[in-house]
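Just below is one structure, and these are the notes that go with it.
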Number of protein chains: 2
Amino acid sequence: MARARKLLVPHLGFPSLNLIARFRNEANRVRPTCLFSRGIRVRSLVLICFLLALAGPEFARAEQSPEADVSRVASNPRFKAAQKVLMSEHGRTVADIIRLTEIPAPPFGEARRAAEVRKDFEALGLKDVAIDAEGNVTGVRPGLRTAGRGPFLVVAAHLDTVFPEGTDVRVRRDGWRLAAPGVGDNTRSLATLLAWIRALDAAGLKTDSDILFVANVGEEGQGDLRGMKALFGKGSYAGRISAFFSVDGSDPAGVVTRGVGSNRYRVVFSGPGGHSYGAFGIVNPMAAMAGAISGLYALTPPASPKTTYSASVAGGGTSVNTIPASVFVEVDLRSEDPKALAELDRGFRSAVDRAVAAENAARSTALGPVKAELKVLGERPAGMTASDSRLVRITRAAITAQGFTAEEEASSTDSNIPMSLGIPAVTIGAGGRGGRAHAPDEWIDVEPVEMVRGMSAGLLAIVAQAGVR
Amino acid sequence: MARARKLLVPHLGFPSLNLIARFRNEANRVRPTCLFSRGIRVRSLVLICFLLALAGPEFARAEQSPEADVSRVASNPRFKAAQKVLMSEHGRTVADIIRLTEIPAPPFGEARRAAEVRKDFEALGLKDVAIDAEGNVTGVRPGLRTAGRGPFLVVAAHLDTVFPEGTDVRVRRDGWRLAAPGVGDNTRSLATLLAWIRALDAAGLKTDSDILFVANVGEEGQGDLRGMKALFGKGSYAGRISAFFSVDGSDPAGVVTRGVGSNRYRVVFSGPGGHSYGAFGIVNPMAAMAGAISGLYALTPPASPKTTYSASVAGGGTSVNTIPASVFVEVDLRSEDPKALAELDRGFRSAVDRAVAAENAARSTALGPVKAELKVLGERPAGMTASDSRLVRITRAAITAQGFTAEEEASSTDSNIPMSLGIPAVTIGAGGRGGRAHAPDEWIDVEPVEMVRGMSAGLLAIVAQAGVR
């Protein structure tokens, strides 16, 4: 992913009645896709009960609008002090960006960079610093109310880049411009997490809720969101997360509120195979594959929420005069909405089943039938966080407070996982300008004024969401 | 190809009225496929007129049955003398097999072996020995009546093997067993041509018609019958061939009378391509390909004449999240009957056209339409020589006369080309046993009695067809 935003915010720390009501509604409305583990759904329900119980005392508190909360935090002297620290420590943040960028972190090869961030988290005084079984680095900044027991507001940035092992990741610096593979997506965000922690500590700003800082694995491509799947699906924080910020890319104005989910398959159609002339009349897996593709392309998914499919790659067969024993097609199914994605998924699987049955009915199975096997290439559950949810309103207000024009976006990011579970989540940018993400000439601009303005938006949203007394 | 047979025969030299009438019928009935060049068809008609003119004087000659002609030749003292020479020169024939087998002749790499056979033809006293532009070696044994002016009875054996350059082609000899790649398919047949010429000359046996001996290129696989296409379609013998024997493999009992034709295509479907999510809604060449395959598999070709199809190999696409810009499928269409093959070909092309049109109608062509392009991978025209034709009756009678049980077969051999032009043609075996054609452990048996019995069958058929006074 490669984008960013910015935010400010006041708030009372932990979910207001309003938020919890909305949370419940979202949990009912935005179901996890059929592909996501049932265990996570159960944990999600447990969390909702837990949050409802905890929220009791809050009922008495005056309900304030998210925008008012952001405004209150922005004028808080300690928050203003934290902003000053972001500026005074700018040089250190840039040094962190360079240091971390130059530690390669290809997909499934994030361990060295993770070890470095772990040391940073420890040096900054986070509690319970650890690397989980999947490779995510976690550390807690305890809130005044929950004192590190949770639930947690998560602030995460992914460790991995798209670049393979052996890529030259040395940073070329030219004035305020830094260029290197992965510098903006997503190493700047890792350094921004460190800068925010340092600023909060230096300003003596204590939030109401616990904040769990995460430097996670597996956001890019084949990583298939494995870091988030582990964080929300197993391990010590599963079921204990109340809201989620992913910090990904630079752009401080964008807010990803719709998580485009995807199911990706390679479907292998197999059969007995044989000589094109001698064995003519037996079933052909190619004919079944054609039927399945035609069946997929006869489906008409909704235009909104946007739902799409593609039969993208095909292969297989031995020679032109041989009925193939095996052929395959790769398909990509996507939607902003988990229900629409699940329905599309069922439609596709049904098309495969019907095509296989039709081929086995149309030709001889004396030497064996045609079969189809779906291999999962990727599963990113869809989800969304409502525009009128407290988290999105806080985030937009924080971005606006720093002078940006907030824009809601649809994308596939780490937020897909909490969104798919009904947990409020947005993806924001770290601040500053940048470009050419996923390209070898990727670059960012670290000019201090613009960069700190963007970093302030993110910090404002986080603090408003976590609450200050 | 890998098979063989045997034959004897009498006959009056040149096409009887009966044969010409049948020839005319065949020329009308067995049309060249739509894929074969119009030029060849025109030449074929010219040949028919020429043969009708020449045949005039034959009207007066007593009509004899093909079987009676074979019987007459078999009892001819000079033919008996020729058979004795086949036996007395057996050692030389075996030496020729070994010598020629050890000259590699991969597809499109037959030149060295061709040069060697050219020397053999010259040494045996054939007239007009030459290598044509395609690489075929030709040499004429003039008949008493036409004295080398033609028309010609062709006796051909292909030079090429299926084995690539660099294959170890040394012959391993164990008693009567010779093993080497290509030894039976088709090097034994080349040596048999030389043995037959030697025997006829030694016995002083003059045929009535001219015999054109041919060692031709391009019978196997990708060669796509290029040697025969050149011989019948261009060059000095095109339009001057009255009947055709292909000598291919060992089996002396089989007679290929039905030439299985094939049209092989790679169909490339192309379109604008794009991001699977961002560009959803544009045409997808994969969907058109699926429609074309389904359209092909909805066709029901006749069971007799046997007509078949196969969608065999598929490929294309960039990545699972990209609508492909190009995909392809390879198909093999075959039939024993040129009309059925042409109809199947039209049906397939129509299925491609309909699928492309349907895809362009179903989705947006704003970025460009889907197109399909057929690339010809191979064209072997279908054809047949009627079981009651003079050539087939002569060949069967010759095989029977040597004590074998003649069997008519369908296959794809050099005879496809003359068959497709309505020129009487059969493919016979050189004689002797053999096996494992197209495999590295290919072998033949050169035990003299059995081998000469098979060689005699072929020679008897040729002499009966060419006629002796």
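The values are calculated or read from the model by the stated rules, or taken from the named source; none is laboratory data. All figures in this text were calculated on a predicted structure; none of them were measured in a lab. Note that each Cβ is placed from the backbone with ideal geometry, even for glycine, and that neighbours are counted across all protein chains shown.
The residue that is farthest from residue B:147 (Cα to Cα), among those in the range B:434-467 that are among the aliphatic types (A, V, I, L, M) and at pLDDT below 95, is B:439.
Residues satisfying the criterion are absent from the range A:167-189 (criterion: among the polar types (S, T, N, Q), modelled with pLDDT under 95, crowded, with 24+ Cβ neighbours inside 10 Å and not in a helix (DSSP H, G or I)).
I'd like to know if the range B:313-325 contains one or more residues that are polar (S, T, N, Q) and at pLDDT 95 or above. Talk me through it step by step, then tell me what you get.
Of the residues in the range B:313-325, the ones polar (S, T, N, Q) are B:318-319, B:321-322.
Going one step further and asking which of them are at pLDDT 95 or above, we end up with none.
Looking for residues that are polar (S, T, N, Q) and at pLDDT 95 or above, one finds none in the range B:313-325, hence no.
Restricting to the range A:366-392, name every residue that is away from every other protein chain (no Cβ under 14 Å) and part of a loop (DSSP other than H, G, I, E, B). Hits for the range A:366-392 are A:366, A:367, A:368, A:369, A:381, A:385, A:386, A:387, A:388, A:389.
Going by the conditions given, is residue A:378 surrounded by fewer than 21 Cβ atoms within 10 Å (Cβ to Cβ), modelled with pLDDT of 95 or more and not β-branched (Val, Ile, Thr)? Let's see the steps before the verdict.
Details: surrounded by fewer than 21 Cβ atoms within 10 Å (Cβ to Cβ): yes; modelled with pLDDT of 95 or more: no; not β-branched (Val, Ile, Thr): yes.
No, not satisfied.
Given A:285, A:324, which one is touching a Phe, Trp or Tyr at 6+ places or on another chain (Cβ under 7 Å) and within 10 Å of chain B (Cβ to nearest Cβ)?
On the way: A:324 fails: touching a Phe, Trp or Tyr at 6+ places or on another chain (Cβ under 7 Å).
Going through A:285, A:324 in turn, just one is touching a Phe, Trp or Tyr at 6+ places or on another chain (Cβ under 7 Å) and within 10 Å of chain B (Cβ to nearest Cβ): A:285.
Here residue B:469 meets the list (1) in contact with a strand residue (DSSP E or B) (Cβ under 9 Å, 6 or more places away or on another chain); (2) part of a loop (DSSP other than H, G, I, E, B); (3) over 25 Å from residue B:259 (Cβ atoms) almost entirely, failing just condition (1). A residue that is under 27 Å from residue A:112 (Cβ atoms) and out of contact with any strand residue (DSSP E or B) (no Cβ under 8 Å at 6 or more places or on another chain) cannot be found anywhere in the range A:239-252.
Taking the range B:385-409, which residues are under 15 Å from residue B:465 (Cα atoms) and either at pLDDT below 95 or β-branched (Val, Ile, Thr) (or both)? Within the range B:385-409, B:385, B:392, B:394, B:395, B:399 meet the criteria.
Only one entry of B:162, B:140 meets the criterion of being in the same structural domain as residue B:198 (by TED's automatic domain parsing), part of a strand (DSSP E or B) and among the aliphatic types (A, V, I, L, M), and that entry is B:140. Look at the range B:367-379: where a residue is more than 19 Å from residue B:283 (Cβ to Cβ) and a partner is among the basic types (Lys, Arg), sitting 6+ places away or on another chain with Cβ atoms under 6 Å, you get B:375/B:266; B:377/B:264; B:377/B:266; B:378/B:264.
The set of residues in the range A:125-138 that are in contact (Cβ under 8 Å) with a residue 60 or more places away in the chain, surrounded by 19 or more Cβ atoms within 10 Å (Cβ to Cβ) and more than 19 Å from the chain's Cα centre (by Cα) contains only A:126.
Screening residue A:348 on (1) surrounded by 22 or more Cβ atoms within 10 Å (Cβ to Cβ); (2) in contact with a Leu (Cβ under 7 Å, 6 or more places away or on another chain); (3) at the interface with chain B (Cβ under 10 Å from one of its Cβ atoms) shows it passes everything except condition (3).
Going through B:372, B:397 one at a time, which residue ends up being more than 29 Å from residue B:163 (Cβ to Cβ) and either acidic (Asp, Glu) or surrounded by fewer than 24 Cβ atoms within 10 Å (Cβ to Cβ) (or both)? Going through B:372, B:397 in turn, the sole match is B:372.
Among the residues of the range A:327-339, which ones are closer than 21 Å to residue B:265 by Cβ and either surrounded by fewer than 24 Cβ atoms within 10 Å (Cβ to Cβ) or more than 7 Å from every other protein chain (Cβ to nearest Cβ) (or both)? Walk me through how you get there before you give the answer.
The initial filter retains those residues of the range A:327-339 that are closer than 21 Å to residue B:265 by Cβ, namely A:327, A:329.
Residue satisfying the conditions is A:329 alone.
Is it the case that some residue within the range B:355-374 is in contact with a Lys or Arg (Cβ under 8 Å, 6 or more places away or on another chain), more than 17 Å from residue A:291 (Cα to Cα) and modelled with pLDDT of 95 or more? Yes. Note on the range B:394-431: residues that are touching a Phe, Trp or Tyr at 6+ places or on another chain (Cβ under 9 Å), part of a loop (DSSP other than H, G, I, E, B) and not hydrophobic (A, V, I, L, M, F, W, C) amount to 5. Count of the range B:270-281 residues, restricted to those that are facing chain A (nearest Cβ under 10 Å) and part of a strand (DSSP E or B), is 3. If you check B:436, B:469 for being within 16 Å of residue B:250 (Cα to Cα), basic (Lys, Arg) and surrounded by fewer than 24 Cβ atoms within 10 Å (Cβ to Cβ), only one passes: B:436. For the range B:442-469, the set of residues classified as within 20 Å of residue B:88 (Cα to Cα) and among the small types (Gly, Ala, Ser) consists of B:454, B:456, B:457, B:458, listed by residue number. May I ask you to say which residue of B:267, B:214 is part of a strand (DSSP E or B), more than 14 Å from chain A (Cβ to nearest Cβ), farther than 18 Å from residue B:412 by Cα and at pLDDT 95 or above? Sole residue among the options that is part of a strand (DSSP E or B), more than 14 Å from chain A (Cβ to nearest Cβ), farther than 18 Å from residue B:412 by Cα and at pLDDT 95 or above: B:214.
For the range B:289-313, the tally of residues that are within 7 Å of chain A (Cβ to nearest Cβ) and either among the aromatic types (Phe, Trp, Tyr) or assigned to a strand (DSSP E or B) (or both) stands at 6.
In the list B:294, B:262, B:270, which residue meets the criterion of being buried (at least 19 other Cβ atoms within 10 Å of the Cβ), farther than 30 Å from residue B:182 by Cβ and touching a Lys or Arg at 6+ places or on another chain (Cβ under 7 Å)? Of B:294, B:262, B:270, the one residue that is buried (at least 19 other Cβ atoms within 10 Å of the Cβ), farther than 30 Å from residue B:182 by Cβ and touching a Lys or Arg at 6+ places or on another chain (Cβ under 7 Å) is B:270. Does residue B:245 satisfy the criteria of being in a strand (DSSP E or B), surrounded by 24 or more Cβ atoms within 10 Å (Cβ to Cβ) and within 16 Å of the chain's Cα centre (by Cα)? In short, yes. For the range A:200-224, a residue qualifies if it is over 19 Å from residue A:249 (Cβ atoms) and in contact with a Pro (Cβ under 8 Å, 6 or more places away or on another chain), and the qualifying residues are A:209, A:210, A:222.
Taking residue A:319 as the residue in question, decide whether it is surrounded by fewer than 23 Cβ atoms within 10 Å (Cβ to Cβ), part of a loop (DSSP other than H, G, I, E, B), free of Cβ contacts under 8 Å to residues at least 60 places away in the same chain and at the interface with chain B (Cβ under 7 Å from one of its Cβ atoms). Reasoning before the result, please.
Numbers: surrounded by fewer than 23 Cβ atoms within 10 Å (Cβ to Cβ): yes; part of a loop (DSSP other than H, G, I, E, B): yes; free of Cβ contacts under 8 Å to residues at least 60 places away in the same chain: yes; at the interface with chain B (Cβ under 7 Å from one of its Cβ atoms): yes.
Criteria met by residue A:319.
Has the range A:410-430 got at least one residue that is in the same structural domain as residue A:89 (by TED's automatic domain parsing), touching a helix residue (DSSP H, G or I) at 6+ places or on another chain (Cβ under 8 Å) and surrounded by fewer than 20 Cβ atoms within 10 Å (Cβ to Cβ)? Among the residues of the range A:410-430, not one is in the same structural domain as residue A:89 (by TED's automatic domain parsing), touching a helix residue (DSSP H, G or I) at 6+ places or on another chain (Cβ under 8 Å) and surrounded by fewer than 20 Cβ atoms within 10 Å (Cβ to Cβ), which makes the answer no.
Screening A:118, A:92, A:113 for residues that are in contact with an Asp or Glu (Cβ under 9 Å, 6 or more places away or on another chain) and part of a helix (DSSP H, G or I) leaves exactly one candidate, A:113.
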